[in-house]
Amino acid sequence: MVVGGARVASDGYPSTHRRRIADRVFRAFTLLALLVIVAPVIWVIAGIVARAVPHWRWSVLTTNTVGAGGGLDNAILGSLAIMLGVLIVAGIFGVLGGVYLAELAGFNRNGKQRGAVLRSATEVLAGVPSIALGLVGYLALVVEFHWGFSVLAAVIVLSVIVIPYIARGTEVALRQVPTNYREGAEALGMSTGYSLRKVVVRSAIPGIATSLLIALAISVGETAPMLYTAGWFTGTPKASLFHQPIGYLTYPVWTFWDYPSDQAHYLAFDAALILLVMVLVLLVIARLVVARSQRFAENRRN
Amino acid sequence: MDPVLEAQRDQTHSASEMDPILEALDPDRTRPADVLHSNSLSLAFGEKAVLSDVNISFRRGTITALIGPTGCGKSTFLRTINRMNDKVSGFRHGGDVSLEGESIWAPTRNLLLLRRRVGMLFQRPNPFPMSIKDNVVAGVKAHQIAKGKQLDVVAEERLRQVGLWDAIKDRLNESPYRLSGGQQQLLCLARALAVGPEVLLLDEPTSSLDPISTEVVEALLRELTPALTLIIVTHNLGQARRVSDNTMFLYQGELVEHGPTAQLFEHPKEAHTENYVTGRIG
């Protein structure tokens with residue numbers, strides 16, 4: 001039945017046929033998008049596990065690399081040391097930069113926010129390819145400063161790469177803190193810094209922790225800037241910031257696959273598996289931190 | 001000497017003898033009777049004038065209700081008193097507000113101390129994301145009024161004062177967001193009282209609460225005087241009548257009328273006031 005050009009169902013209301021089809025199509029697309037996101041994750045994990053596990057030796061964790069064989073103890077310890085360094089350096093500057101952007105950057109006389117320069121700078125920095133930063137780090141720190149391949153050069157370059165993520169993540173997390181809290185703290189006579197530390201940051205911790213986690217995952221997975229700054233070292237990492245190359249897990253993944261020996265290939269996949277486990281552990285730690293910090297959160301899900 | 005005069009002199013104690021007694025009866029007796037004074041205060045955000053030429057004094061130990069239609073400048077006026085508007089971009093003020101004779105904007109004024117003396121309770125309960133006990137003592141810690149075990153004492157004392165202690169004494173380490181809205185607001189009141197303010201600003205403190213919680217809060221407000229001076233913004237005319245000693249009526253950025261509550265409601269001098277309190281304008 002057609003009345004005035006529109007299809008009308010037998011009960012007199014306009015037909016919902018088209019809307020129901022549109023709804024189904026929309027649902028199908030969201031499901032498809034989900035699959036496109038999840039499938040590669042499963043694929044990567046399954047692929048690495050399938051190739052690393054069959055010839056897994058526990059001695060990989062305890063022995064150092066010898067040529068393109070042996071174990072990965074040196075690389076694991078090196079990666080952990082570098083992550084710790086990045087967590088300290090990038091964590092401090094990234095979080096403080098984010099706090100400045102979100103809370104302290106006031107307005108200048110023209111009514112523009114003063115943090116604009118800093119924000120643009122971090123955005124540009126986030127867009128610079130990591131290999132370019134690695135090259136700059138190599139020329140400036142390794143060559144010009146005569147540091148040689150060293151932990152400090154690696155930590156600084158990695159920090160420069162991840163600071164934008166941390167600053168941005170911190171800023172976003174702080175901006176989502178309800179105005180209620182700030183006003184309440186202000187009205188009690190807390191200073192800006194005190195209310196930030198005791199009230200505001202507390203509810204931004206999940207966002208900040210997540211950004212730190214992403215930063216660590218990025219830094220443990222970077223390869224190009226590491227080749228330029230950390231070099232490669234098959235011995236146990238030494239407690240020296242300068243003139244001392246250090247091992248790290250992405251090196252075997254990148255290099256050993258090209259070697260004409262099964263031993264080297266196995267080691268490449270072992271390193272990939274260990275990297276994967278490290279990232280998963282980071283995820284779990286971040287979840288625990290978030291859960292603990294959110295005991296008193298307003299929107300806590302029980 | 002005349003025996004009658006002599007007997008009188010015996011009964012008349014010298015000022016120095018009486019002082020400690022009077023001091024104990026009323027610790028504030030040597031302080032000015034008007035705690036707050038607004039002297040031709042005008043407020044504006046950028047080009048937009050919000051309040052013009054408000055002159056009013058707030059007597060120590062009284063409750064003043066601030067009424068008027070939406071957008072009349074009630075909240076702006078209230079938030080100016082503890083300088084919550086200072087940071088709002090474009091905020092300008094003319095005239096002055098003085099707390100015990102000294103301008104709140106005086107260069108010698110310590111903003112944090114001003115806010116300790118002039119506390120505030122907001123429209124929606126805003127407990128911090130920390131345990132109930134930490135909420136009560138948050139301001140106490142910030143101002144370093146007490147520490148360690150003393151904090152427990154402060155927390156108990158203030159929770160008793162607002163009548164929450166018996167209900168939540170076993171839940172002091174739990175999240176405040178599991179309390180009901182009314183209990184949350186009482187918690188915020190306890191938190192505000194814990195730093196020992198002289199003036200408490202209340203911005204529609206019961207508008208998000210149910211009628212029973214509202215009644216509890218209103219009863220508490222009466223108990224807080226005369227130790228505190230209260231200024232309460234309210235949309236609820238019944239509440240203004242029930243709790244306040246004085247009422248001020250703001251209309252379109254001007255203080256139209258102020259005076260004792262009963263008089264303002266029953267015999268308003270201005271036509272606008274009468275229209276508002278009788279519900280002809282809203």
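The values are calculated or read from the model by the stated rules, or taken from the named source; none is laboratory data. If you're wondering where the values come from, they're calculated on a predicted model, not measured in any experiment. Glycine gets a Cβ as well: all are built from the backbone with ideal geometry, and neighbour counts include every protein chain shown.
Is it the case that the range B:175-188 has a residue that's more than 24 Å from B:GLN123 (Cβ to Cβ) and charged (D, E, K, R)?
Residues of the range B:175-188 more than 24 Å from B:GLN123 (Cβ to Cβ): none.
Within the range B:175-188, none of the residues are more than 24 Å from B:GLN123 (Cβ to Cβ) and charged (D, E, K, R).
With A:TYR266, A:TYR248 as the choices, which residue is more than 30 Å from B:PRO127 (Cα to Cα), touching a His at 6+ places or on another chain (Cβ under 7 Å), touching a residue at least 12 places away in the same chain (Cβ under 8 Å) and crowded, with 19+ Cβ neighbours inside 10 Å? Can you show your working first?
Numbers: A:TYR248 fails: touching a His at 6+ places or on another chain (Cβ under 7 Å).
Testing whether each residue is more than 30 Å from B:PRO127 (Cα to Cα), touching a His at 6+ places or on another chain (Cβ under 7 Å), touching a residue at least 12 places away in the same chain (Cβ under 8 Å) and crowded, with 19+ Cβ neighbours inside 10 Å leaves just A:TYR266.
Taken as a whole, the condition of being away from chain B (no Cβ under 14 Å), under 24 Å from A:TRP43 (Cβ atoms) and in a helix (DSSP H, G or I) does not apply to A:LEU227. A single member of A:ALA28, A:ALA33, A:ALA75 is touching a strand residue (DSSP E or B) at 6+ places or on another chain (Cβ under 9 Å) and of a type in the set (A, V, I, L, M), and it is A:ALA75. Scan the range A:101-117 for residues that are surrounded by 17 or more Cβ atoms within 10 Å (Cβ to Cβ) and either outside the structural domain of A:ILE163 (by TED's automatic domain parsing) or modelled with pLDDT of 80 or more (or both) and the total you get is 3. Beta carbons closer than 8 Å, at least 6 apart along the sequence or on distinct chains, pair a first residue in the range B:115-131 that is more than 8 Å from every other protein chain (Cβ to nearest Cβ) with a second that is assigned to a strand (DSSP E or B) and buried (at least 24 other Cβ atoms within 10 Å of the Cβ) for B:VAL118/B:LEU201; B:LEU121/B:LEU201; B:LEU121/B:LEU202.
Residues of the range A:173-182 being surrounded by fewer than 18 Cβ atoms within 10 Å (Cβ to Cβ) and either facing another protein chain (nearest Cβ under 8 Å) or in contact with a helix residue (DSSP H, G or I) (Cβ under 6 Å, 6 or more places away or on another chain) (or both), which ones? Before the answer, list the steps.
Initially, the range A:173-182 is screened for residues surrounded by fewer than 18 Cβ atoms within 10 Å (Cβ to Cβ), giving A:175-176, A:178-180.
Result: A:ARG175, A:PRO178, A:ASN180.
Within the range B:140-153, the set of residues being outside any loop (DSSP other than H, G, I, E, B) and within 13 Å of A:LEU188 (Cβ to Cβ) comprises B:VAL140, B:LYS141, B:ALA142. Somewhere in the range A:189-209, is a residue more than 14 Å from chain B (Cβ to nearest Cβ) and more than 30 Å from B:MET120 (Cβ to Cβ)? Scanning the range A:189-209, I find at least one residue that is more than 14 Å from chain B (Cβ to nearest Cβ) and more than 30 Å from B:MET120 (Cβ to Cβ), so the answer is yes. None of B:GLU174, B:GLU156 is in a helix (DSSP H, G or I), closer than 23 Å to B:SER213 by Cα and out of contact with any strand residue (DSSP E or B) (no Cβ under 7 Å at 6 or more places or on another chain) except B:GLU156.
For A:VAL49, indicate whether it is at pLDDT 90 or above, of a type outside the set (Asp, Glu), closer than 17 Å to A:LEU276 by Cα and under 21 Å from the mean Cα position of the chain (by Cα).
Working: at pLDDT 90 or above: yes; of a type outside the set (Asp, Glu): yes; closer than 17 Å to A:LEU276 by Cα: yes; under 21 Å from the mean Cα position of the chain (by Cα): no.
In short, no.
Scanning the range B:194-208 for residues that are aliphatic (A, V, I, L, M) and surrounded by 24 or more Cβ atoms within 10 Å (Cβ to Cβ) turns up B:ALA194, B:LEU201, B:LEU202. Against the conditions (1) farther than 18 Å from B:VAL35 by Cβ; (2) of a type in the set (Gly, Ala, Ser); (3) within 18 Å of the chain's Cα centre (by Cα), B:GLY279 satisfies every one except (3). For the range B:94-132, what are the residues that are farther than 21 Å from B:ARG60 by Cα and of a type in the set (D, E, K, R)? Across the range B:94-132, the qualifying residue is only B:ARG124. The helices (runs of 4 or more DSSP H) falling completely within the range B:186-271 that include 1 or more residues that are under 25 Å from B:MET84 (Cα atoms) and in contact (Cβ under 8 Å) with a residue 40 or more places away in the chain map to B:211-224, B:237-243. Being within 22 Å of A:VAL200 (Cα to Cα), more than 8 Å from chain A (Cβ to nearest Cβ) and in contact with a strand residue (DSSP E or B) (Cβ under 8 Å, 6 or more places away or on another chain) is a description that applies to B:LEU193.
Looking only at residues that are in contact with a Lys or Arg (Cβ under 6 Å, 6 or more places away or on another chain) and more than 14 Å from every other protein chain (Cβ to nearest Cβ) in the range B:54-95, which one is modelled with the lowest pLDDT? It would help to see each step written out before you state the result.
First pass over the range B:54-95, keeping only residues in contact with a Lys or Arg (Cβ under 6 Å, 6 or more places away or on another chain): B:66, B:68, B:82, B:85.
Those left that are additionally more than 14 Å from every other protein chain (Cβ to nearest Cβ): B:66, B:68.
Working: B:LEU66: 94, B:GLY68: 91.
Top of the filtered list is B:GLY68.
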